[in-house]
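Data first, discussion second: the structure below is written as C-alpha cells.
Only the coordinates and a few stated rules stand behind these numbers; no lab work does. Treat the numbers as computed from the prediction; the structure is a model and nothing was measured.
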Amino acid sequence: MHHLLRILAASILLTPPCLARDLHVSPDGNDSNPGTVSAPLRTLAGARDAARKVRGREPVTVIVADGVYYLPETLVFTPADSGRKDAPIVYQAAREGGAVISGG
C-alpha cells in the first residue's frame with residue numbers, strides 16, 4: 001500500500017497542469033504572429049485557427065483588442081470551436097464596446 005501511495009504521489013507531481021492560453025488579436029497584428037500581447041494575430045479567423053491547434057488540451061481565451069475587424073467572408077465556427085467543458089475556448093473584447101466586427 002505504501003508503494004502504491006508513492007506511485008500515485010509521483011504521478012500527480014509529474015502530470016503537467018492544464019495551463020490556459022491567451023491569444024491576442026489586433027487590427028495591427030499579423031496572422032503569422034504567435035498571438036501574444038507583443039505579437040498579436042490580425043483576424044478572428046486567424047485566432048480561430050490558432051485556437052483549433054490546441055483545443056481540448058487547454059483552455060483558450062481569445063482577447064480582441066479595440067478596433068474594427070472587417071470580415072471579407074463569412075466567419076464560420078463549428079461546435080468544436082467551443083472547446084470542451086474542462087478546456088473551453090472563449091472570445092472576449094479587451095474593452096467592452098471597443099471591438100467592432102464589420103461584414104457585409
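Some notes on this structure:
- Relative contact order of region 32-104, defined on C-alpha pairs under 8 angstrom at six or more residues apart (%): 36 percent
- In angstrom, the C-alpha Rg and Dmax of region 17-71 are 10.8, 37.
- Per-residue HN-Hα couplings for region 28-35 [Karplus 6.51, -1.76, 1.60; θ = phi - 60°; Hz; x = Gly/Pro]: 8, x, 8, 5, 8, 6, x, x
- Sequence-distant residues sharing a close amide H with residue 61 (under 5 Å, placed H): 21, 22, 23, 90
- Applied to region 65-72, the Karplus parametrisation 6.51 cos²θ - 1.76 cosθ + 1.60 on θ = phi - 60° returns per-residue 3J(HN,Hα) values of 6, 4, x, 9, 10, 7, 9, x Hz, with x for Gly and Pro.
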